[in-house]
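Colleague: Take a look at this one; I'll ask things after.
The values are calculated or read from the model by the stated rules, or taken from the named source; none is laboratory data. These numbers come from a predicted model, not from an experiment. With ideal geometry, Cβ positions are generated from the backbone for all residues, glycine too; neighbour counts draw on all protein chains shown. Side chains included, ligands, DNA and RNA excluded: accessible areas come from the protein's heavy atoms. Shrake-Rupley method; radii C 1.70, N 1.55, O 1.52, S 1.80 Å.
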Amino acid sequence: MRAELRDAVVAAVAVAVTGVLLGLLWVWLAPRVPLISDDKAVFLKDTEGEEAIGADGTFILLALGFGVVCAAVVFLLRKRGGIPLVVGLAAGALLGSWLAMELGEWLGPTDDVVAAARAAGKGVVFDAPLKLNAQGALLAWPLAAMGTHLGLTALFAPRDPEPWPPTDL
């Protein structure tokens, strides 16, 4: 049991640390929401733009990919797995998602929209803060990791030996 718990903690920490990479990729790949100011208020440059939902979608797609890859790596390294390892994988993925969100919002455009509007000037386009509006997107990574790990376990994990002689006679 001690070895299983150690493997679970190592998996959770390793998966959570990869959240930094997810956050950096999100900042790099997410579309920017253009804003414009008229010295009295700040408006969306394109009121029908889909950049805000595109940022959430980018996070979700990246998190799904991270979930599949992390689950495959954990499965390949520890095929016998066990419940603590799977719980560690899920906890690390959830923590990694949160870390990626926080890092992306911190590294993205400034949260102070008023100061950014003043710095840009009247009629000049500037970027809105990067924000994950769909908080349920934080579950994409753990759900993808759990589904992938379950599928790999069902297909490729060692099987328990069949009892011999058959006991159903």
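Colleague: If I histogram all Cα-Cα distances within the chain using bins 5 Å wide from 0, what percent of pairs lands in each bin?
Modeller: 1, 9, 15, 15, 13, 11, 9, 7, 6, 5, 4, 2, 1, 1, 1, 1, 0, 0
Colleague: Let me ask something else. Can you compute the helix-only [θ] at 222 nm over the chain? Use -39500 (n - 2.57) per DSSP H run of at least 4 residues, normalise by all residues, nearest 500 deg cm²/dmol. Walk me through the numbers on the way to the answer.
Modeller: Working: 6 runs with 104 residues, N = 169.
Only helices count here, giving -20500 deg cm²/dmol.
Colleague: Which of L22, L94, L107 moves the most in a Gaussian network model of the chain with Cα springs under 10 Å?
Modeller: L107
Colleague: How big is D for the range 1-77, in µm² s⁻¹ as a whole number, if Stokes-Einstein is applied with the Kirkwood radius of its Cα pairs at 4 °C and 1.567 mPa s? Can you show the working numbers first?
Modeller: Working: Rh = 15.2 Å.
Value of D from the Cα-based Kirkwood radius: 85 µm²/s.
Colleague: Now for a different question. Lysines near K79 by alpha-carbon distance under 27 Å, same-chain residues fewer than 8 away left out - which ones?
Modeller: List returned: none.
Colleague: Next up: E105 accessible area, nearest 10 Å², 1.4 Å probe?
Modeller: Spelled out: E105, probe radius 1.4 Å, area about 40 Å².
Colleague: Between A63, A120, A16, find the one with the highest GNM mean-square fluctuation for the chain; connect C-alpha pairs within less than 10 Å.
Modeller: Largest GNM mean-square fluctuation: A120.
Colleague: I'd like the accessible area for M1, computed on protein heavy atoms only with a 1.4 Å probe and all protein chains in place. Round to 10 Å², please.
Modeller: Counting only protein heavy atoms, the figure is 150 Å².
Colleague: Let me ask another. What are the aspartates and glutamates whose alpha-carbon lies under 13 Å from the alpha-carbon of K45, with same-chain residues fewer than 8 places away excluded?
Modeller: Correct list for K45: D127.
Colleague: Which helices of the chain meet both criteria: a Cα extent of 18 Å or more along the helical axis and a mean Kyte-Doolittle score no lower than 0.0, with helices taken as whole DSSP H segments?
Modeller: Values: long enough: 2-17 (23 Å, 1.23); 51-77 (38 Å, 2.05); 83-107 (35 Å, 1.43); 140-156 (23 Å, 1.13).
For the chain, where a helix must reach 18 Å along its axis and average at least 0.0, the hits are 2-17, 51-77, 83-107, 140-156.
Colleague: Sequence neighbours fewer than 8 away in the same chain don't count; with that in mind, list the aspartates and glutamates whose C-alpha is under 14 Å from K122.
Modeller: By straight Cα distance, K122 reaches D38, D39.
Colleague: Let me ask another. On average, how much accessible surface per residue is there in the range 1-122, in Å², for a 1.4 Å probe, leaving out ligands, DNA and RNA?
Modeller: 59
Colleague: Now for a separate question. Near G23, within a Cβ-to-Cβ distance under 9 Å, what is the net charge of the other residues, with Lys and Arg +1 and Asp and Glu -1? Please report the intermediate quantities before stating the final value.
Modeller: Details: positive: none; negative: E102, E105.
Within the 9 Å Cβ shell, the charges total -2.
Colleague: Using a probe of 1.4 angstrom, how much of the accessible area of the chain is carbon and sulfur, in percent?
Modeller: On the way: 7050 of 10440 Å².
Looking at the chain in its full context, I get 68 percent from C and S.
Colleague: Can I ask one more? Highest GNM mean-square fluctuation, the chain, Cα pairs closer than 10 Å: which of V27, V68, V125?
Modeller: Among V27, V68, V125, the largest mean-square fluctuation in the Gaussian network model of the chain belongs to V125.
Colleague: Roughly how many Å is it from the Cα centre of the range 1-73 to that of the range 107-144, as a whole number?
Modeller: Centre-to-centre (Cα) distance: 12 Å.
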